[in-house]
Structure formats: C-alpha cells, structure tokens
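Taking it in order: structure first as structure tokens, then the write-up.
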Amino acid sequence: MSTRGTPVAAAAVRVHWGAVTLFTLLAWGLAWLICLPLWLGDGLATPGALILITAMMFAPGIAAVVTILVTGAPRKGERLRSLGMWPLRPARQVVGLTVLGWLGPFAVVLLALGLALGLGWLHPDFSFPLIAEQLKRVPSRAALPPVGVIVLVQLAAIPVGAVINGIFAFGEELGWRGWLVPALRPLGTWPALLLSGAIWGIWHAPIILLGYDFGQRDVVGVLLMVAGCVAWGVLFGWLRLRSASLWPSVLAHGMLNASAGLALLFSPPHPQLALLSPLGASGWIACAVVIVVLRLTGQFRRRPALAADRPRIRPAPLPDVDPVGSVTDPTAPPTAPHGSDPRRP
C-alpha cells in the first residue's frame with residue numbers, strides 16, 4: 001500500500017481485536033444459549049423450535065450493541081452512522097442498492113438453480129412432490145386449488161416474503177455487516193469480507209449440528225455452512241461497503257431466506273442439499289460468478305464513507321486504494337471507530 005505523501009504509522013488504521021473477540025464470543029455464546037432447549041429436547045422437532053431459531057437471529061445484533069456499550073466506541077451520536085442505519089445518503093445510491101439487495105439475491109438463486117440443472121444435480125419433478133405431500137395432510141373437505149397454482153402463488157409471494165424475512169434478518173445484519181465488517185475493514189476489503197463470512201458461518205453451528213439446512217449433523221455440515229456464508233457474505237458485505245448503509249444487506253439477507261427453498265419445490269424426495277441449496281455448491285458457484293463480475297468491473301474499489309459523510313476539517317489528499325481495496329489514511333486517529341476512514345471504508 002502507498003499514499004500520496006507522508007508514510008502512515010501502522011497504528012493509524014488498525015483492527016481493535018479486543019472488541020472483535022468480545023463481539024464474536026457474545027454472538028456465538030448467545031446462539032448456543034438460545035438453542036440450548038433444542039439440544040436438551042428433541043432437536044429440531046422440539047416444540048417451539050422455529051421460535052428459538054428466529055430468536056437466535058437477533059444474537060449478533062445484541063452482541064454488537066453490548067460490544068459498543070462495553071467499549072464505548074463509537075461514541076454517542078456516531079453509532080447509527082457507524083452501523084449504517086442512518087443517514088440514508090447519498091440517497092439515490094442507497095435506494096438503488098437497496099432495491100438491488102432486495103431483488104438481486106433472487107437472481108443469484110435462479111442462477112444457482114440453473115447451474116444445478118446444467119450440472120445434473122437437479123432432476124426436476126414438476127408434480128411438485130413436496131407441496132403434494134403437504135396437501136395430503138389437509139382435511140379432504142377443504143377446497144384447494146391445483147398444486148401448480150399454489151406453486152405460482154408461492155413464487156409470486158417471494159418479494160413480499162423477502163421484506164418480512166428482512167425484519168428478522170435485521171438482527172443478524174446489524175451484527176455481521178453493521179458492526180463486524182467495518183470493524184475488520186482495516187485488514188482490507190477481502191480479508192474483512194472473508195473473515196466476517198467465516199465467523200457468520202460458524203455462528204450457525206448450534207442448528208447445523210442438529211441437521212438444519214443440510215441434514216448433516218457433523219462438522220461437514222458446519223463447513224458447508226461456512227463456505228456458503230463466505231460466498232454470500234462477500235455479496236452482502238459489498239452491498240454494505242458500496243452503499244455505506246446497512247439496509248441493502250438486510251433486504252438481501254431477507255431475500256436469500258425467502259427464496260432459499262426454491263429448488264426444493266422441483267426436487268424429488270430426499271434432495272442433495274449440499275449441492276442444491278443456495279448455501280451449497282450451486283450457490284457457491286453462482287456467487288463466485290457474480291463476485292468475479294463485480295471484481296472485473298471495479299466495484300470493490302472506491303466507496304462512500306462508512307463512519308462520516310464529510311470530515312469536519314479540511315481534508316488531506318485521499319489515500320490510494322490497493323488492488324484488494326484496503327486503505328491507508330494519514331488523518332485517521334488511533335481511536336477511530338473500527339479504525340475506519342471518515343471519508344471511505
């Protein structure tokens with residue numbers, strides 16, 4: 001890395017590892033604590049399991065708030081800005097990327113579905129066996145539309161489902177992309193995105209080890225989840241850094257959750273989720289294709305500020321950005337929130 005002018009001291013921009021460690025342990029610990037009744041009960045068949053899994057989604061947000069209160073950074077008055085919650089500007093860019101976050105993941109899921117078909121991992125069954133099996137449990141006296149109509153209604157409801165899912169995804173995104181990605185940002189763009197994605201993936205261990213998502217109750221299931229979270233975490237993190245706002249990644253996460261079961265609608269019984277899931281191999285490839293396109297078009301380079309819109313003093317010359325997007329800033333104080341540059345991440 002280089003700057004136009006005076007060399008930068010190593011302490012000028014750094015990761016506050018104590019805060020990162022506290023946040024990570026809190027997020028992981030709360031996840032295990034919330035899921036403890038599942039481990040003491042019948043696993044995912046435990047009554048109220050869905051409520052507990054939903055509650056688990058708020059653990060990263062709680063960890064972020066506690067970490068801020070314990071460390072005192074960022075200071076009051078800067079916290080909403082630092083977390084990407086407010087202000088929503090530049091407005092046009094934030095709105096545009098929020099719409100992209102809302103609909104873009106659905107396109108990636110469709111790409112993953114197409115890849116699964118092309119690679120022979122999915123042999124579609126248009127009798128929709130999953131829906132048909134569920135309809136068998138409905139009392140025969142109930143008047144139901146044809147299976148195909150129900151599938152079309154479910155597909156049409158995905159955009160609305162993304163918004164609803166975004167309400168719960170906010171608990172995760174406040175922690176992962178709101179706090180953690182900026183906290184790791186001094187490492188450089190790629191290390192921050194990859195490491196935060198790995199931490200996010202490991203956080204799922206309490207439910208993955210019970211068979212959630214992949215049906216594999218071992219370390220392989222956790223590794224599959226880590227790989228999926230790293231792949232999607234790069235895209236969600238890009239939305240966060242490119243917009244300087246939390247909301248695009250919130251809706252992106254909501255859309256992923258809303259559309260994740262799309263392949264299951266067309267799958268025969270006992271599908272290979274490690275291949276078909278958007279968090280599995282087809283999803284990894286689809287995310288990689290999008291990431292390469294973003295990289296080749298320079299979308300990981302210049303970004304608006306994360307912690308402040310404009311410096312309050314006369315700015316020094318802007319720092320250079322190295323090939324992976326990391327920055328050096330001679331004006332950043334050692335105690336800057338998460339070590340972020342007040343003009344860009």
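The values are calculated or read from the model by the stated rules, or taken from the named source; none is laboratory data. The shown structure was predicted, so the numbers you read here are calculated from the model rather than taken from an experiment. Heads up, the Cβs are rebuilt from the backbone with ideal geometry, glycines too, and the neighbour counts pull from every protein chain shown. What goes into the accessible areas is simple: the full protein's heavy atoms, side chains included, and nothing from ligands, DNA or RNA. Shrake-Rupley method; radii C 1.70, N 1.55, O 1.52, S 1.80 Å.
Side notes on the structure shown:
- Under-5 Å amide H pairs with SER267, H placed in peptide plane, nonlocal only: ASP125
- Percent carbon-and-sulfur accessible area, segment 19-63, ignoring ligands, DNA and RNA, probe 1.4 Å: 81
- Highest average packing first - 85-98, 205-218, 244-257, Cβ atoms within 10 Å: 244-257, 205-218, 85-98
- When Rg and Dmax are taken over the Cα atoms of segment 80-185, they come to 19.5, 59 Å.
- Shape parameters for segment 125-267, alpha-carbon atoms, Rg then Dmax in Å: 18.1, 62
- A simple packing score, the average count of other Cβ atoms within 10 Å per residue, orders the peptides 260-267, 15-22 as 260-267, 15-22, with the highest score first.
- Coupling constants for segment 238-253 follow from the phi torsions by the Karplus curve (6.51 cos²θ - 1.76 cosθ + 1.60, θ = phi - 60°), and in residue order they are 4, 4, 5, 6, 6, 9, 6, 10, 7, 5, x, 6, 4, 5, 5, 5 Hz; glycine and proline get x.
- Ranked packing of 45-58, 229-242, most packed first, by mean Cβ within 10 Å: 229-242, 45-58
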